[in-house]
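Below: the structure, in structure tokens.
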Amino acid sequence: MKKIVIVTDAWHPQINGVVTTLGKTITCLEKFGYCVETITPQLFRSFPCPTYPEISLSLAGTKRLREQLLSFKPHCVHIATEGPLGWAARSICRSSGFAFSTSYHTRFPEYVRMRWPVPLSLSYRVLRCFHNAAAKTMVATSKLKAELEDRGFSNMVLWSRGVDLDLFKPEKKRKDGTADPVFLYVGRVAIEKNITAFLELDLPGTKMVVGDGPARHQLADNYPAVTFTGYKKGAELAALYAAADVLVFPSLTDTFGVVLLEAMASGVPVAAYPVTGPLETVVNGENGYLDNDLRSAAIRALGVPGESCRKSAMRYTWEACSKQFLNNLSFNDAEFSA
């Protein structure tokens, strides 16, 4: 049986697209007959990420991580994130001559730039160094692939995303006194998500924010008319999607946006800016609207049929996503033993 190790700095109890994607992919890989082990911050001492305490950064050194790899003896190592664990795994694989793959999930240069005066050119240079050592680097969209190639990234391949069509599905709209229509945001509540662009919109009905993050309490104080629910998952999250009329996705930096597929699968159209991520999945009039005027996109999306949204989401399954991931992996002829 082929053995795969996935090294990731993003893992439970975090709730985000990276963790969802890895979890669903691992489940599918195991169904395909592969043995999968994860190396995450839960295995080591860690500390909260500055300005983002929900994220844990591991204190693991290369010696401890090497022991983990030797104990499992994988045929393949995939490094999912560019955090402390990712850099340590990269160092070990390179020094051992063991081929590995990486994935580019998050625009860290832009996120860092929003918090500290770090030039984008410097951040991208660091990330380019990290990923160009890999046999393959997986990205979610063709537009992102082209952008990174223009910045000097090499060996880029596509790895799309999926959605749980059994969990997220159209259901009867709830009637709890909430004023219609309901405009919904789902995701991290942080500066890089550009949430204020949604909160500032002059829209009828109700605005609802589902998720948590470092900006939640400040935004809740600044926008008392908006409903902030905190994190939701499973059936509770699915019910909130199904009860909404439009998912508003204000992010300018997301590399994909799994929440877009979750909304569409729930029969809910999407309103977003025409940027990387939404450009991959949103088709005007079919499952939502893209517009540089986000209010216009949200209002126009109200007229998109739920059946059309659901149909477009059915093209994305976790099984297909996981097969694509599997085909992108770099398997070594021998187990890790260095």
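The values are calculated or read from the model by the stated rules, or taken from the named source; none is laboratory data. Since we're looking at a predicted model, the values are computed, not measured. Note: ideal-geometry Cβ built from the backbone for every residue, glycine included; neighbour counts use all protein chains shown. Each accessible area value is taken on the protein alone, full model and side chains, heavy atoms only, with ligands, DNA and RNA left out. Shrake-Rupley method; radii C 1.70, N 1.55, O 1.52, S 1.80 Å.
As an equivalent ellipsoid, the range 228-276 spans semi-axes of 19, 12, 10 angstrom, where each value is the square root of five times an eigenvalue of the C-alpha gyration tensor, largest first. Residue separation of D166 and R295 scaled by 0.36 nm, minus their Cα-Cα distance, works out to 43.4 nm of gained length.
Taking the accessible area of the range 104-196, probe 1.4 Å, and keeping the other protein chains in place, the carbon and sulfur fraction comes to 55%.
Label positions at D333 and K143, each projected 7 Å from the Cα along the C-beta direction, are separated by 4.3 nm. Rounded is the label for the range 200-261, because the ratio a/c of its alpha-carbon gyration tensor axes (a ≥ b ≥ c) stays below 1.5. Measuring between alpha carbons in the structure, the pairs from K73/K193; K31/K233; K145/K193 lying more than 32 angstrom apart are K73/K193. Taken as Cα centroids, the range 48-78 and the range 84-116 sit 11 Å apart, rounded to the nearest whole angstrom. Fully extending the segment from R151 to C129, taken as 0.36 nm per residue of separation minus the present Cα-Cα distance, adds 6.8 nm.
Here each label is just a point 7 Å from Cα along the line to Cβ, and for R45 and Q218 those points are 3.1 nm apart. Beta-bridge orientation, the chain: approximately 10 percent antiparallel, per DSSP, counting only bridges with both partners inside. Quick one: check the C-alpha center-to-center distance for the range 124-197 versus the range 198-212, whole angstrom. Here the two parts' Cα centres lie 20 Å apart. Across the range 254-299, Cα-Cα pairs more than 17 Å apart make up 21 percent of the total. Among the helices of the chain, none built from whole DSSP H runs has Cα atoms reaching 27 Å or more along its own axis together with a mean Kyte-Doolittle hydropathy of at least 1.0. Proximity of backbone amide H atoms, modeled 1.01 Å from N, is registered between V36 and I4 at under 5 Å, excluding neighbours fewer than 5 places apart on the same chain. Please check which bits of the range 78-112 a label hung off S71 would reach, taking the label as a point 7 Å along Cα-to-C-beta and the cut-off as backbone N under 20 Å. Of the residues in the range 78-112, 78-80, 84-93 have backbone N under 20 Å from the label point off S71. Put the Cα centre of the range 262-299 next to the Cα centre of the range 7-35 and the gap is 26 Å. Within straight cross-link reach of K24, meaning Cα distance under 16 Å, which aspartates and glutamates are found once same-chain residues fewer than 8 apart are removed? Correct list for K24: E37, D164, D166, E262, E319. Ratio of Rg to Rh for the chain: 0.97 [Cα atoms; Kirkwood radius as inverse mean 1/r over pairs].
Taking all protein chains into account, the per residue accessible area for the range 240-338 stands at 36 Å² (1.4 Å probe). What residue among V118, V270, V182 has the largest mean-square fluctuation in a Gaussian network model of the chain, using Cα springs under 10 Å? Of V118, V270, V182, the most mobile in the Gaussian network model is V118.
Could you please state how large a percent of the accessible area of the range 1-67 is carbon and sulfur, counting protein chains only and using a 1.4 Å probe?
Using a 1.4 Å probe with all protein chains present, the range 1-67 comes out at 57 percent carbon and sulfur.
Based on protein heavy atoms only, the range 103-152 ends up with 46 Å² per residue of surface accessible to a 1.4 Å probe.
Given axes a ≥ b ≥ c from the Cα gyration tensor, I'd like to know whether the range 142-191 is rounded (a/c under 1.5), prolate (a/b larger than b/c) or oblate. Judged from the Cα gyration tensor, the range 142-191 comes out prolate (a/c at least 1.5, a/b above b/c).
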